[in-house]
1. Going by the conditions given, is Leu614 under 14 Å from Asn664 (Cβ atoms) and either touching an Asp or Glu at 6+ places or on another chain (Cβ under 6 Å) or part of a loop (DSSP other than H, G, I, E, B) (or both)?
2. Would you call Gly513 without any contact (Cβ under 8 Å) to a residue 60 or more places away in the chain, of a type outside the set (S, T, N, Q) and out of contact with any Asp or Glu (no Cβ under 9 Å at 6 or more places or on another chain)?
3. Which one of the conditions (1) open to solvent by less than 10 Å² (accessible area, probe 1.4 Å); (2) of a type in the set (A, V, I, L, M); (3) out of contact with any Ser or Thr (no Cβ under 9 Å at 6 or more places or on another chain); (4) within 21 Å of Asn675 (Cα to Cα) does Leu599 fail to meet, given that it meets all the rest?
4. Could you pull out every one of the helices (runs of 4 or more DSSP H) wholly within the range 78-196 that has 3 or more residues that are aromatic (Phe, Trp, Tyr) and either open to solvent by less than 30 Å² (accessible area, probe 1.4 Å) or within 30 Å of Lys32 (Cβ to Cβ) (or both)?
5. Looking only at the range 413-427, decide whether some residue is open to solvent by less than 10 Å² (accessible area, probe 1.4 Å) and farther than 27 Å from Leu499 by Cβ.
6. Of the residues in the range 107-140, how many are out of contact with any strand residue (DSSP E or B) (no Cβ under 9 Å at 6 or more places or on another chain) and on the phi < 0 side of the Ramachandran plot?
7. Would you check which residues across the range 605-618 are buried (at least 19 other Cβ atoms within 10 Å of the Cβ) and in contact with a helix residue (DSSP H, G or I) (Cβ under 7 Å, 6 or more places away or on another chain) and list them?
8. Cβ-Cβ distance below 8 Å, separation of 6 or more or different chains: which pairs start in the range 21-33 with a residue that is touching a residue at least 40 places away in the same chain (Cβ under 8 Å) and basic (Lys, Arg) and end on one that is in a loop (DSSP other than H, G, I, E, B) and surrounded by fewer than 24 Cβ atoms within 10 Å (Cβ to Cβ)?
Amino acid sequence: MITTKGPEALAEAFKALKTIPNLITLDLQSCKIGDNGAQALGEALKTNSTLAALNLYGNSIGDSGAQALGEALKTNSTLATLNLTLNSIGESGAKALGEALKTNSTLATLDLTSNSIGESGAQALGEALKTNSTLATLNLSINSIGDSGAKALGEALKTNSTLATLDLTRNSIGDSGAQALGEALKTNLTLATLNLSINSIGDSGAKALGEALKTNSTLATLDLTRNLIGDSGAQALGEALKTNLTLATLNLTLNSIGESGAKALGKALKTNSTLATLDLNSNSIGESGAQALGEALKTNSTLATLDLTLNSIGESGAQALGEALKTNSTLATLDLSSNSIGDRGAQALGEALKTNSTLATLDLSSNSIGDRGAQALGEALKTNSTLATLDLSSNSIGDRGAQALGEALKTNLTLATLNLTRNLIWYKGLLAFSEALKTNSALITLGLEGNLILLKIVEAFSEALKSKCTLATLDLTCKLTEDNGAQALGEALRTDSTLTSLYLAGNLINSSGVQSLACTLKMNSTLTTLDLQNNSIGDGGAQALAGALKINSTLTILDLSRNLIGEIGAQALDEAIKTNATLTTLYLQDNSIGDNGALAISQALKTNSSLTTLDLWGNSIGDNGAHALAEALERNSTLTTLYLQNNSIGDNGAQALSQGIQMNSTLTTLDLWYNHVTDKGAMALYKVSHICLVGAQVRFKHTSLRLI
């Protein structure tokens, strides 16, 4: 695989095509090669006999470039995948590609997402599909093909015998377009995936698709997210599911489906034997709709995933689903978030979990569950042997509920993830969790963000970490941990061998507290993520962490945003980054490192070989700092993302960065939002970004030129 970037991208590509005899994949994503570059590539493809995949995503290729590539496809005999996403290909370009597909015998995947092929472009591709015998995947998302384009593709599908995946997301397709596709599905024998999300399909379009599904024998996935099918459309699809034998995934998110639509789907599920995933997120099925689905689950033997997020099912709906889970033996994932099920609903689900032997993931976030509901779930976890993930975030669980869950964790052998962020848990409840961790052997992730942890609780968790704890992720964000708590955690991490992620954002940790963590990092060999944002570690804390980074060989992500770090702290981090070989992401947002701090970090970037993301947002960096960073970019070979938003960089700094970018071959994202760059500086960056920024986002504020 060859990924070419930088100002010599095209030259390198052509050289590779001519000199590498076994070149299979060429990635030119976002090099902005334009029509001229596409024309040159087209010429090369006419004689190349090895290239199988070509990525031209985001390259400002227009119709003439697409026409050149089309000409090449007429004779090329190896290219199997062509990605032309996010270009400027219109109707004539699509027509040229269509003509090529009539004779081409190798292309299997064509992606034209986010172009402007329109109705006539889709019609041309449809004509090609009538005779083409190799294309298996066609993505035409966001192309304004409309009903006429959908009709043309529908006609093609009646005779085409190879296309397996067709994506028509966001194309202004209405009922008549859906009806045409439905007619095609009645006879088509190969299409397995059809994505019609974010269109304007109403009940009559859904009815047509439903009629097709009664006889279609190949479609496995149908996505109708964000359409307007309503209850009558859902009823039609339900009727189809009674006899359909192939559909495995049906996504009906955001479709104004109410109780009667849900009842129809529930009735279908009683006899359907293939549907494995049903997504009804953000509809209005209500209690009776959930009850109907619950009845279906008592006998259904194939559904594995059911998403009922934001459906107002209430406690009665949850109770019905709980009853179903007592006998259901296939459902593995159930999402009931944001449904106001309350304690009674949680209690019903808890009773079900005592005997259910298949459910692995249960999302009950944002459901007004209090202590009684949590207690019921805790009782269930004492005997349940399958649930691996339980999300109870954004509820009203207090100490009693937390204590019950903690008791359950002492004996539970399967729960790996427990999310209790944004509840009302205090001292006794949190102490129960720390005690449970000493004996629990399964929990890997515990989320406690937004609860209140005092020093004694932090010390208790620290003691738990010293035991043979399995916890890999601990989130203590915004808990008023303070320095003594950080010191206790530091002590624990010296012997802990499982924790990989520790989140301590928004506490009151200053330099003395972080020194203990720094000492730990010198010997700890498992922690990969440390989040200390929104504390007060200052320069002294940054110096301590820098000393640790010189020795540590596992930490990959360090967040020090909003920590009162100035030039001295930045200079210390500079010394560490020069030698550290594992840190990939460093966040220093909203500190006060200034130009001198930027200069210091720039020196490190010249030799560092691991850092890929650097965030210097809001650091009072001016043109001098930008000049230093530009010099670093000329030599750095790993940084892909540089955030410089909300600084004081002007046109001189922007021009310097443009020069640095010309020599850089890795940077993909540069963000200059809220600086003092005018059109002059913006144009300097634009001139190089269209040549060498791969996947580039160059953002400006306070200038008439804005590039995203």
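The values are calculated or read from the model by the stated rules, or taken from the named source; none is laboratory data. Owing to the predicted nature of the structure, the values given are computational and were not obtained by experimental measurement. With ideal geometry, Cβ positions are generated from the backbone for all residues, glycine too; neighbour counts draw on all protein chains shown. Keep in mind that these areas ignore ligands, DNA and RNA; they rest on the heavy atoms of the full protein, side chains included. Shrake-Rupley method; radii C 1.70, N 1.55, O 1.52, S 1.80 Å.
1. Criteria not met by Leu614.
2. Considered against the rule, which asks whether it is without any contact (Cβ under 8 Å) to a residue 60 or more places away in the chain, of a type outside the set (S, T, N, Q) and out of contact with any Asp or Glu (no Cβ under 9 Å at 6 or more places or on another chain), Gly513 comes out as no.
3. (1)
4. Details: elements: 91-101, 118-129, 146-157, 175-185.
Result: empty, no element qualifies.
5. no
6. So the answer is 17.
7. Within the range 605-618, Leu605, Asn608, Leu611, Leu616 qualify.
8. Pairs found: Lys32/Gly58; Lys32/Ser60.
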